[in-house]
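Taking it in order: structure first as C-alpha cells, then the write-up.
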Amino acid sequence: DIIDYLKDKYGRSLLSNHSLFNGNEYFKKLAMDASKKFNVPMGDMLARKIKYYLEKDILGGGKFDPFILDERVKGIICEGVNQNIKVDYLDFGEIKSNVVYRNTAEINKFMRRVAMAAGKKLDDNNPILDVVFQGLKFEGVIGVGGKSSKLSMRRI
C-alpha cells in the first residue's frame with residue numbers, strides 16, 4: 001500500500017527525473033511522508049525499502065525483476081491479471097509463484113518498456129510483442145477490448 005501511494009503521489013517526478021534515485025535524501029522525505037500517512041515507524045530501513053521498491057518498479061522490470069535476475073530461471077509466464085506468475089526453473093521445473101499483477105496497465109507498462117528498449121512499437125494497433133532483448137525472448141500481447149495482457153519470457 002505504501003509503495004502504491006508513493007507511486008501515485010511522486011511517480012511522475014521519479015519518471016521524469018531519474019537522478020532522484022541517486023541520493024538518499026529524497027527517499028528519506030518519502031519515508032517521512034509514508035510514515036505519517038500509514039502510521040508506521042520512521043527509520044533508515046523504511047527509506048531504503050522505499051527506494052528499492054520504487055527503483056525496481058519505475059526503472060526495472062517491476063514484479064518480474066527477481067525472476068529475470070535469477071539465472072536459474074529458464075522462463076516466466078504471466079497469463080494475465082489476477083493469475084499467479086509461473087516460473088520455470090532449471091532445477092525444479094515449473095512452479096506457480098505468489099506474484100500476481102492486479103491490473104493490465106502494470107503488465108502493459110512493462111511490455112511497452114521492453115518493446116521500446118528493443119526498438120519496437122507496441123500499442124493498440126500493434127498489440128503483439130515478439131522481441132529478443134538482453135538474452136531473453138519476450139512474447140506477449142497487450143490487452144485490448146477489455147482482455148487481459150499476457151506475457152512469456154524465455155532465456156535464450
Could you run through the stretch 71-102 and say how many residues are open to solvent by less than 30 Å² (accessible area, probe 1.4 Å) and in a loop (DSSP other than H, G, I, E, B)? 2
Looking at the stretch 71-122, which of its residues are acidic (Asp, Glu), over 25 Å from Asp4 (Cβ atoms) and modelled with pLDDT under 95? Glu71, Asp91
Being farther than 25 Å from Ser19 by Cα, among the basic types (Lys, Arg) and not in a loop (DSSP other than H, G, I, E, B) narrows it down to one residue among Lys137, Lys56, Lys120; which is it? Lys137
Condition set under 18 Å from Asp65 (Cα atoms) and β-branched (Val, Ile, Thr), scope the stretch 132-156, selection farthest from the chain's Cα centre (by Cα): answer is Ile156
Can you give me the number of residues within the stretch 49-65 that are within 20 Å of Ala117 (Cβ to Cβ) and either of a type in the set (Val, Ile, Thr) or at pLDDT below 90 (or both)? 11
Given the conditions (1) part of a helix (DSSP H, G or I); (2) open to solvent by 70 Å² or more (accessible area, probe 1.4 Å), report the number of the one that Pro41 does not fulfil. (1)
Report yes if Leu129 is among the hydrophobic types (A, V, I, L, M, F, W, C), in contact (Cβ under 8 Å) with a residue 12 or more places away in the chain and surrounded by fewer than 17 Cβ atoms within 10 Å (Cβ to Cβ), otherwise no. no
Which numbered condition Asn108 fails, given (1) outside any helix (DSSP H, G or I); (2) within 19 Å of Leu15 (Cα to Cα): (1)
Filtered residue count, the stretch 103-126, keeping only those that are within 14 Å of Phe64 (Cα to Cα) and open to solvent by less than 30 Å² (accessible area, probe 1.4 Å): 5
Here the qualifying pairs (Cβ atoms under 9 Å; residues six or more apart or on different chains; first in the stretch 104-116 and closer than 13 Å to Ser152 by Cβ; second open to solvent by 70 Å² or more (accessible area, probe 1.4 Å) and of a type in the set (D, E, K, R)) come out as Ile107/Lys150; Val114/Lys120
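The values are calculated or read from the model by the stated rules, or taken from the named source; none is laboratory data. Just so you know, these numbers come straight off a predicted model, no measurement behind them. Every residue, glycine as well, gets a Cβ built from its backbone with ideal geometry; the counts of neighbours run over all protein chains shown. When the accessible area is computed, the model is the full protein with side chains, heavy atoms only, and any ligands, DNA or RNA have been set aside. Shrake-Rupley method; radii C 1.70, N 1.55, O 1.52, S 1.80 Å.
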